[in-house]
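To start, the structure itself, in structure tokens.
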Amino acid sequence: TRELITSVDRIMRRADQVRRLQVRANADTPDDARHAIHRGAQGVGLCRTEHMFLGERKQLVQNLILAADDAEREAALAALLPLQKADFVQMLETMDGKPMTVRLIDPPLHEFLPDLTQLSVKVAVDRERGTLDPADEELLNVVRRNHEANPMLGLRGVRLLLTMPGLIELQVRAIAEAAVERLRAGGDPRPEVMIPLIGSVRELQLARERAESVLAEVSAESGYELNFPIGCMIELPRAAVTAAHIAEEADFFSFGTNDLTQTTWGFSRDDVESSFVGRYIEAGIFGTSPFESIDVDGVGGMVRLGVDGGRSTKSGMKMGVCGEHGGDPDSIAFFHRVGLDYVSCSPFRVPVARLEAGRAAVLAPTE
Ligand code: PEP
Ligand code: MG
């Protein structure tokens with residue numbers, strides 16, 4: 001056993017020496033971040049902040065969505081700020097000296113609102129019984145107004161960030177204040193702010209302006225200069241096609257191959273088992289699901305467009321991938337070939353990604 005461990009260590013060391021791709025981890029909690037470091041991650045490539053708003057905090061986000069006026073909205077934001085900041089302080093501490101890409105919130109809105117059907121039934125029954133609470137009726141109106149037939153194609157990511165006053169400011173302030181806390185403690189925090197579901201340069205420009213003004217505010221308040229990189233996900237075909245423009249406003253790109261696969265193929269990523277993607281696999285039309293292993297010609301073509309477009313505007317622009325494909329061996333070889341700087345995957349896949357990145361460097365020339 002000892003011999004085996006020694007040879008595995010030797011192989012890992014060799015892979016780390018030769019690989020060009022950096023390997024980061026997708027981590028949403030301080031625990032994830034610790035596991036990631038333990039397995040040799042070189043930073044966090046994706047912190048999905050919507051995962052920090054689950055459980056008891058869901059109610060706080062709902063209060064924000066349902067706020068009837070500015071005062072209620074500000075109270076809801078004020079309640080969220082210390083919680084969000086505390087998360088970031090811990091994660092930045094674990095990732096000290098390493099990049100930590102914090103993606104601003106990207107939930108389909110319905111995940112934070114009560115279910116429309118259940119609430120409709122409750123209101124109808126209570127009305128019949130004469131026990132209807134007017135607050136429930138009001139809530140039903142809000143849920144109806146926000147209802148979407150295709151939430152994954154709806155008010156998510158940057159669309160929510162740009163249309164919900166105060167949300168960008170809350171999250172960027174939490175990141176900036178957490179960084180200041182770490183700096184005061186002598187740390188080396190390296191957060192990167194990432195905007196999800198960008199489809200046009202205008203969206204990124206607007207989000208960026210708001211993020212930058214918060215960074216400037218917290219810089220003035222704290223005396224520390226906080227000019228963290230601000231970049232975006234490339235996870236829509238339109239973003240890949242217009243990457244040269246988007247790069248004007250982005251310090252980095254991260255390819256979200258989960259959504260990019262969904263939107264390039266027009267397959268629902270939430271129905272892989274039950275939908276015809278599963279039947280295609282059964283019928284042998286697909287060897288593997290394109291959600292598992294990158295479809296080099298199609299989705300991979302989008303990634304190439306994004307890389308080439310972005311770097312035609314900013315040569316040497318930093319680019320990575322943070323979809324599930326970031327931990328898949330065949331996909332890693334492809335990401336090496338197209339010249340990405342890093343892959344980001346679940347912490348438990350980090351060792352495999354390091355190994356595959358090493359193998360890719362030896363076997364496959366960069367395009
Ligand atoms: C993606 O779409 O590939 C991605 C990383 O974002 P999410 O899975 O959170 O939509
Ligand atoms: Mg996505």
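Pairing each residue of segment 158-173 that is under 15 Å from MET194 (Cβ atoms) with any residue that is not in a helix (DSSP H, G or I), provided the two are 6+ apart or on different chains, yields C-beta distances under 6 Å for VAL158/ILE195; VAL158/LEU197; VAL158/ILE198; LEU161/LEU104; GLN171/LEU104.
Can you name every residue in segment 285-306 that is assigned to a helix (DSSP H, G or I), closer than 19 Å to CYS345 by Cα and either free of Cβ contacts under 8 Å to residues at least 60 places away in the same chain or touching a Lys or Arg at 6+ places or on another chain (Cβ under 8 Å) (or both)? Spell out how you get there, then give the answer.
Filtering segment 285-306 for residues assigned to a helix (DSSP H, G or I) gives 299-306.
Those still in the list that are closer than 19 Å to CYS345 by Cα too: 299-300, 303.
Answer for segment 285-306, where residues must be assigned to a helix (DSSP H, G or I), closer than 19 Å to CYS345 by Cα and either free of Cβ contacts under 8 Å to residues at least 60 places away in the same chain or touching a Lys or Arg at 6+ places or on another chain (Cβ under 8 Å) (or both): VAL299, GLY300.
Flag: VAL172 matches the condition of being away from ligand 2 (no atom under 16 Å from the Cβ) and either within 16 Å of the chain's Cα centre (by Cα) or surrounded by fewer than 16 Cβ atoms within 10 Å (Cβ to Cβ) (or both).
Looking at MET91, MET152, MET100, which is the one that is assigned to a strand (DSSP E or B) and either within 16 Å of ligand 2 (Cβ to nearest atom) or at pLDDT 95 or above (or both)? Give the steps one after another, and end with the answer.
Details: MET91 fails: assigned to a strand (DSSP E or B); MET152 fails: assigned to a strand (DSSP E or B).
After ruling out the rest, the residue left standing is MET100.
Of all residues in segment 181-197, those being away from ligand 1 (no atom under 16 Å from the Cβ) and not small (Gly, Ala, Ser) number 8. The single residue among ARG359, ARG337, ARG311, ARG304 that is surrounded by fewer than 23 Cβ atoms within 10 Å (Cβ to Cβ) and within 16 Å of ALA15 (Cα to Cα) turns out to be ARG359. I'd like to check something: does segment 121-131 contain any residue that is assigned to a helix (DSSP H, G or I), free of Cβ contacts under 8 Å to residues at least 12 places away in the same chain and under 30 Å from the mean Cα position of the chain (by Cα)? Checked against the condition, which is being assigned to a helix (DSSP H, G or I), free of Cβ contacts under 8 Å to residues at least 12 places away in the same chain and under 30 Å from the mean Cα position of the chain (by Cα), segment 121-131 yields no hits at all. Within segment 75-114, being closer than 12 Å to PRO191 by Cα, aliphatic (A, V, I, L, M), more than 16 Å from ligand 1 (Cβ to nearest atom) and touching a Lys or Arg at 6+ places or on another chain (Cβ under 8 Å) holds for VAL89, LEU92, MET95.
Mind checking whether some residue in segment 247-258 is of a type in the set (A, V, I, L, M) and over 23 Å from SER315 (Cβ atoms)? Show your work before the answer.
First pass over segment 247-258, keeping only residues of a type in the set (A, V, I, L, M): 247, 250.
With the extra rule that they be over 23 Å from SER315 (Cβ atoms), the set shrinks to none.
No, there is no match, as no residue in segment 247-258 is of a type in the set (A, V, I, L, M) and over 23 Å from SER315 (Cβ atoms).
Of the listed requirements (1) modelled with pLDDT of 95 or more; (2) touching a helix residue (DSSP H, G or I) at 6+ places or on another chain (Cβ under 6 Å); (3) more than 20 Å from ARG20 (Cβ to Cβ), GLY306 misses just one: (3). Close contacts from segment 65-89, counting a first residue that is of a type outside the set (A, V, I, L, M) and a second that is assigned to a helix (DSSP H, G or I), with Cβ to Cβ under 6 Å and a gap of 6+ residues or different chains, come to GLN84/ALA174; LYS85/ALA174; LYS85/GLU177; LYS85/ALA178; ASP87/MET52; PHE88/ALA174; PHE88/ILE175; PHE88/ALA178.
Name every residue in segment 210-250 that is assigned to a strand (DSSP E or B), within 16 Å of ligand 2 (Cβ to nearest atom) and touching an Asp or Glu at 6+ places or on another chain (Cβ under 7 Å), in order of residue number. Give the steps one after another, and end with the answer.
Our first condition is that a residue be assigned to a strand (DSSP E or B); within segment 210-250, this holds for 230-234.
Adding the requirement that they be within 16 Å of ligand 2 (Cβ to nearest atom) leaves 231-234.
Matches in segment 210-250: GLY231 only.
Scanning segment 308-317 for any residue that is more than 16 Å from ligand 1 (Cβ to nearest atom), in a loop (DSSP other than H, G, I, E, B) and in contact (Cβ under 8 Å) with a residue 40 or more places away in the chain turns up at least one such residue.
For segment 204-238, a residue qualifies if it is touching a helix residue (DSSP H, G or I) at 6+ places or on another chain (Cβ under 6 Å) and either at pLDDT below 95 or within 16 Å of ligand 1 (Cβ to nearest atom) (or both), and the qualifying residues are CYS232, ILE234, GLU235, LEU236, PRO237. The set of residues in segment 1-34 that are closer than 23 Å to VAL362 by Cβ, in a helix (DSSP H, G or I) and basic (Lys, Arg) comprises ARG10, ARG13, ARG14. With respect to ASP133, determine if the residue is away from ligand 1 (no atom under 16 Å from the Cβ), closer than 30 Å to ILE37 by Cβ and surrounded by fewer than 21 Cβ atoms within 10 Å (Cβ to Cβ). Considered against the rule, which asks whether it is away from ligand 1 (no atom under 16 Å from the Cβ), closer than 30 Å to ILE37 by Cβ and surrounded by fewer than 21 Cβ atoms within 10 Å (Cβ to Cβ), ASP133 comes out as no. When SER200 is tested against (1) in contact (Cβ under 8 Å) with a residue 40 or more places away in the chain; (2) out of contact with any Lys or Arg (no Cβ under 8 Å at 6 or more places or on another chain); (3) more than 16 Å from ligand 1 (Cβ to nearest atom); (4) more than 17 Å from GLN90 (Cα to Cα), just one condition goes unmet, and that condition is (2). Can you tell me which residue in segment 182-209 is farthest from the chain's Cα centre (by Cα), limited to those that are part of a helix (DSSP H, G or I) and surrounded by 18 or more Cβ atoms within 10 Å (Cβ to Cβ)? Taking the candidates together, the pick is ARG182.
The values are calculated or read from the model by the stated rules, or taken from the named source; none is laboratory data. Treat the numbers as computed from the prediction; the structure is a model and nothing was measured. All Cβ positions, glycine included, derive from the backbone under ideal geometry; neighbour counts span all protein chains shown.
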